[in-house]
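A quick write-up on the structure given underneath.
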Amino acid sequence: MPVEPPPTVWELPDAASAGESDLVGIGADLEPGTILAGYRRGLFPMPLDGRLAWWSPQARAVLPLDGLRISRSLRKACARFEVRVDAAFDEVITACAEPTRPGGWISAEIKAAYVSLHDLGWAHSVEVWSPEGALVGGLYGLAIGGLFAGESMFHRVTDASKVALVALVGLLRDAGGGLIDAQWRTDHLASLGVIEIARADYLERLGAVLALPTAAVFDGH
């Protein structure tokens, strides 16, 4: 079972009354209890101009578990690689935080915070390994009940990050349902089946999925 950290000392913003901006707050800290409280309120942290910012997009990107689009080439790729969970969390988040990546936002402080959450059993990685045993792609995020809040993904060979996403959807389906939060829609994510829903809709769904049991593959970390 994940270890519940001490509660946050901060009063975080209320996403339901956040107005028209995706940005809903500045400040607080990256303690495990603060981050978990944020996700449970529909928020997520991401730096802005060197400051800690809290976001709740008006149009939230989510991946319905029945909406994943798997092309023929992706299906073939899934058969070529091995998928593991939490076998190399540090390596996955390090690859996602590579400073040369376009739009890189994962600071040393963010990385350290999610490593701490991993140690407590909340943050997880889904990794893709080549037949030769090399880590070639993966993703990481937080699993809270039936919510998987995806943070970032990477690939070193074609389709490897997509294979990780296919595996994640399968894990949540096997657990009886859930919701994958993708934060903001991109054309790449949309091609895989990610859609946008209104913030109010997301918060309503969030309340339901947080009450679900965590997938056993994550709960057993």
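We did not get these values from a lab; they are worked out from the coordinates using the rules stated. Predicted model, so just to flag it, every value in this text is computed and none were measured. Here Cβ is always computed from backbone atoms with ideal geometry, including for glycine, and neighbour counts include all displayed protein chains.
Assorted remarks:
- Amide H contacts of Gly141 (H built 1.01 Å from N, in plane; Pro and chain starts excluded): His124, Glu151 sit under 5 Å, all sequence-distant by 5 or more or on other chains.
- Stretchable slack from Arg84 to Leu48, in nm (0.36 nm times residue separation minus alpha-carbon distance): 9.7 nm
- Compared with the direct C-alpha span, the chain from Arg173 to Ser73 gains 33.8 nm at full extension, assuming 0.36 nm per residue.
- Under the combined filter of DSSP loop state and at most 12 neighbouring Cβ atoms within 10 Å, segment 141-221 retains none of its trypsin sites (Lys or Arg not before Pro).
- Distance between the modelled labels on Ser191 and Gln58, one decimal in nanometres: 2.8 nm (7 Å Cα→Cβ projection).
- The computed semi-axes √(5λ) of the Cα gyration tensor in Å for the structure shown corresponds, within [x] 26, 19, 18; [y] 36, 17, 17; [z] 30, 19, 15, to [x].
- Estimated distance in nm for a label pair at Val3 and Thr158, the labels positioned 7 Å out from Cα along Cα-to-Cβ: 4.4 nm
- Footprinting exposure proxy for His188, His155 (fewest neighbouring C-beta atoms within 10 Å first): His188, His155
- The modelled label-to-label distance between Asp201 and Glu91, using points 7 Å beyond Cα along the C-beta direction, is 3.9 nm.
- Ordered by the number of other Cβ atoms lying within 10 Å of each residue's own Cβ, fewest first, Trp184, Trp55 fall into the sequence Trp184, Trp55.
- Segment 15-57 shape via C-alpha gyration tensor axes, a/c threshold 1.5: oblate
- Net length gained if the chain between Lys111 and Ala211 were fully extended (0.36 nm per residue, minus Cα distance): 33.3 nm
- Stretch in the chain that is longest and holds no GluC sites (Glu not before Pro) that DSSP places in a loop and that have at most 15 other beta carbons within 10 Å: 21-131
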